[in-house]
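The values are calculated or read from the model by the stated rules, or taken from the named source; none is laboratory data. Fair warning: this is a prediction, and the values are worked out from it, not measured in the lab. No Cβ is skipped: glycine too gets one built from the backbone with ideal geometry, and neighbour counts run over all protein chains shown.
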Amino acid sequence: MSNYQSAIEAVQAIKAKAGSSWDAINPESIARMRAQNKFKTGLEIAQYTADIMRADMAAFDADKTQYTQSLGCWHGFVGQQKMISIKKHFDGKTDRRYLYLSGWMVAALRSEFGPLPDQSMHEKTSVASLVAELYTFLRQADARELGGLFRELDAAAEGDKAAIQSQIDNHVTHVVPIVADIDAGFGNAEATYLMAKQMIEAGACALQIENQVADEKQCGHQDGKVTVPHADFHSKIRALRHAFLELGIDNGLIVARTDSEGAGLTKEIAVVKEPGDSGDIYNSYLDVEEISAADMAEGDVCFNRDGKLVRPKRLPSGLYQFRQGTGHERCVFDCIGALNAGADLLWIETAVPTVHEIAGMMDDVRKVHPDAKLVYNNSPSFNWTLNFRQQAYDAMVEAGQDVSAYVRADLMKAEYDETELSATADERIRTFQADTAREANVFHHLITLPTYHTTALSVDNLAKEYFGEQGMLGYVKGVQRKEIRQGIACVKHQNMSGSDMGDDHKEYFAGENALKAGGAKNTSNQFS
């Protein structure tokens, strides 16, 4: 017996007990509404998606080609359209394809203060609100798709109904894991815990936290990043775990991010309880000078290192700096410590996307934690074209090839677009994710800000045409005709916004008295 039929019979049994006052209730309508509302709470979503991620991690351990991907979102509609597109183009499946919720995009696009830099100045609750919004839109995508199948079921001949009912029973949800950015925790460990609870209750199964000072937080690709000692960061990792466990998401995921590769500053000297502990190692990377007691000036901060009095170099801001060239070592140290503290996945923010650099750090981490897996930010902050053309150029030089036709400093020029070097670089970009999955154990690849850039590009193209000589043809040719030709569902924007579902509900509630919007005069019929 099918799930759909079972649901109808279950409601029939409930209706029979209610008596004649429920005569107008159609069990099939209720069964449809239940099917269209598979997930009742955010916690159900968090559990469902955590199970998906854990299974995907196990599959990746067995086969490095099975890495996962996501694109950043700043609105529920954006996330919905991504998953609708994925189902359309990839055989109706969403396997290994997630959503990423970027704190950068929340700050820049969702704050009530207006556009802000990625410095944790946006409202704390806006990230949890966006998680909930994303899942609201994904659930509506489910309801809309199933609604279409129900309409097909009603219109089908009796012999064709079984195939459509099978599609209903085996419907693949648009709900997928979201990796959500909790920045540096928005305060102390208690604040981190409270924020994490809101995000998990909204449906987040994976939380990404970074080792920067919360009130000095910078974007991972900007200067001025300030890290915290490991004891501080690990307390926040444990705060996330407590939040997951309290809410019953026992297999929730924590992504521990280190910004140490590009972070040359710290706000505090770590507490050392015994030689060789994490505080001692953290302090060993500080840029210090050996002094005598007589050299100490008023207000100096000094400490004992191996029996010698040393003074860390302090900037006018009051911050301390690390020794140059220690970024790689500190990243490895951070990663090992985070895994020891209970993190599930790592994130290393790098200055450039270079396979060997990422692999080098992960090789060192995996000497201690062989199964350590990485989440990597394929960031739009990188100039991918320039970086990979320079890598291709350097490889040609190393191989003794003639590079006289190229100027390394000017490789971004359009005149190089059709060259052999450009083709080599583009191939390296194309295989970058597969290469780093294989060589650096990158389980998840994401782009933080793709829809920020695609929105800007598409609006620029539309404005140029519409306000120029093309007028309305700029919209028709550049947008609507492409939507029709490519089968973009939102060309019927009334349907996408839920109008047809509303009509269904009106009919459930009022029967033949329902005033429906989808009749003959609905202009959306022009797109049928």
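For the reader, a short list of remarks on this structure follows.
- In summary, Thr424 fulfils each of the numbered conditions (1) modelled with pLDDT of 95 or more; (2) exposed (fewer than 13 other Cβ atoms within 10 Å of the Cβ); (3) not acidic (Asp, Glu) with the single exception of condition (2).
- Pairs where the first residue, in segment 456-470, is in a helix (DSSP H, G or I) and the second is charged (D, E, K, R), C-beta under 8 Å, 6+ apart: Glu465/Lys477
- Checking each residue in segment 138-188 for being surrounded by fewer than 18 Cβ atoms within 10 Å (Cβ to Cβ) and within 29 Å of the chain's Cα centre (by Cα) picks out Asn170, Val172, Gly187, Asn188.
- Inter-residue pairs, beta-carbon under 7 Å, first of a type in the set (S, T, N, Q) and in segment 7-22, second surrounded by 12 or more Cβ atoms within 10 Å (Cβ to Cβ), 6+ apart: Gln12/Pro27
- Cys205 farther than 28 Å from Gly276 by Cα, within 17 Å of the chain's Cα centre (by Cα) and at pLDDT below 95: no
- Whichever residue in segment 371-417 is of a type in the set (Lys, Arg) and surrounded by 15 or more Cβ atoms within 10 Å (Cβ to Cβ) and, among such residues, is farthest from Ile429 (Cα to Cα): Lys373
- Contact map, segment 512-527: residues that are in contact (Cβ under 8 Å) with a residue 24 or more places away in the chain paired with residues that are part of a loop (DSSP other than H, G, I, E, B) and not hydroxyl-bearing (Ser, Thr, Tyr), Cβ distance under 7 Å, separation 6+ or inter-chain. Pairs shown: Ser524/Lys492; Phe527/Lys492.
- Selection of segment 78-96 for residues being surrounded by fewer than 18 Cβ atoms within 10 Å (Cβ to Cβ) and closer than 22 Å to Gln486 by Cα yields Ser85, Lys88, His89, Phe90, Asp91, Gly92, Lys93.
- Options Gly474, Gly468, Gly518, Gly487: the member that is among the small types (Gly, Ala, Ser) and touching a Phe, Trp or Tyr at 6+ places or on another chain (Cβ under 9 Å): Gly474
- Test: residue in segment 428-438 that is assigned to a loop (DSSP other than H, G, I, E, B) and in contact (Cβ under 8 Å) with a residue 12 or more places away in the chain: no
- Scanning segment 10-37 for residues that are surrounded by 12 or more Cβ atoms within 10 Å (Cβ to Cβ), of a type outside the set (Ser, Thr, Tyr) and either touching a Ser or Thr at 6+ places or on another chain (Cβ under 6 Å) or over 30 Å from Leu207 (Cα atoms) (or both) yields a count of 14.
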